[in-house]
Amino acid sequence: MSSGLFATKDGTNIFYKDWGPRAAQPIVFHHGWPLSSDDWDAQLLYFLGQGYRVVAHDRRGHGRSSQTDTGNEMDTYASDAAQLFEHLGLKGAVHIGHSTGGGEVARYVARHGGNGRVAKAALVSAVPPVMVKSEKNPGGLPIEVFDGLRAALAANRAQFYRDLPEGPFYGFNRPGAKVYPGVIDNWWRQGMIGGAKAHYDCIKAFSETDFTEDLKAIEVPVLVLHGDDDQIVPYADAGVLSAKLLKNATLKIYKGYPHGMLTTHADVLNADLLAFVKG
């Protein structure tokens, strides 16, 4: 079991965890905005217990990686990941991405996943194909939504990073929802460790990047999972459309599940992901 820092070609230090038998099949986890590899605790422990090699990294500008003021966009995120995974010698891996991490998975697999590097992929509550509303994407969210996120981050990032997990991220704003204060605190902790500039830039990356061609180019099987009560990335314009663009997709929609369902419903999601990995 190990963790450490890896320096990319431009000198950015990427923090990563690499746990489990080196000869086992790797499962690689790509986190959402503005979090870190710690957001995958429930999955890392579960799949490690199933005998897999589990790998997760903090995207540049997030968590314990360098607080970069440049390169905070999808092409560089995917390039950073490719360099790290080449360094770790990963082959036949399953790549699982949540939210913004789903966009990173789509771009990484499409552009860097050849030569046996990737066996399968999973997109969970993920941002592809594209979030922002346009003539080509009439079901998307208006740009004003993302302008509002930027304004809230710039005005008071610490409070903004309380409001999101307390409310829509985990569905804790729904009547009768069971609220976990520790989960809220952990979200805030992860967010505040990262860099404000990188997080600000990443809003554009996750909202305006068009992954349509990436999805079309992916050949490996992809599991697409989304909750129908996702208040952050509405499922109809995300998971449903992604599954239609992929060559070999399995789509599952969970009734009433929120954006952060990997935490609130880890038992269900972990079992479904394991079945896909083994299938």
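A few comments on the model shown:
- Once the Kirkwood radius over Cα pairs is known for the chain, the Stokes-Einstein relation at 4 °C and 1.567 mPa s delivers a diffusion coefficient of 70 µm²/s.
- Which of 99, 207 has the fewest Cβ neighbours within 10 Å, and the rest in rising order: 207, 99
- Convex hull projection area averaged over all views, the stretch 1-40, Cα basis, nm²: 3.6 nm²
- Coordinate range along principal axes, alpha carbons of the stretch 58-180, Å, largest first: 47, 34, 33
- Virtual spin-label span in nm between residue 134 and residue 189, 7 Å along Cα→Cβ: 3.9 nm
- Sum of side-chain charges, residue 225 neighbourhood, beta-carbon under 10 Å (Lys, Arg +1; Asp, Glu -1): 0
- Here 60, 22, 162 are placed in order of increasing Cβ neighbour count within 10 Å, fewest first, which gives 22, 162, 60.
- 14 Å beta-carbon shell around residue 249, net charge (K/R +1, D/E -1): +3
- Residue order, fewest to most beta carbons within 10 Å, for 91, 133: 91, 133
- Considering only alpha-carbon pairs that sit under 8 angstrom and 6 or more positions apart, the relative contact order computed for the chain is 20 percent.
- Where labels lie 7 Å past Cα in the beta-carbon direction, separation of residue 69 and residue 155 in nm: 2.5 nm
- Whole-number Å³ per residue for the convex hull built on Cα positions in the stretch 172-254: 133 Å³
- Using R0 = 41 Å, the C-beta based FRET efficiency linking residue 141 and residue 220 works out to 0.90.
- Formal net charge of residues neighbouring residue 2 (Cβ-Cβ distance under 12 Å; K, R +1; D, E -1): +2
- Theoretical FRET efficiency, 1/(1+(r/R0)^6), r = Cβ-Cβ of residue 266 and residue 240, R0 35 Å, to 0.05: 0.90
- Remark: spin-label model distance residue 7-residue 178 equals 4.8 nm, labels positioned 7 Å along the Cα→Cβ axis.
The numbers here are math on the coordinates, done by the rules we state, and not lab data. Everything numeric in this text was worked out from a predicted model, so none of it was measured. Please note: Cβ atoms are built from the backbone with ideal geometry, for glycine as well, and neighbour counts cover all protein chains shown.
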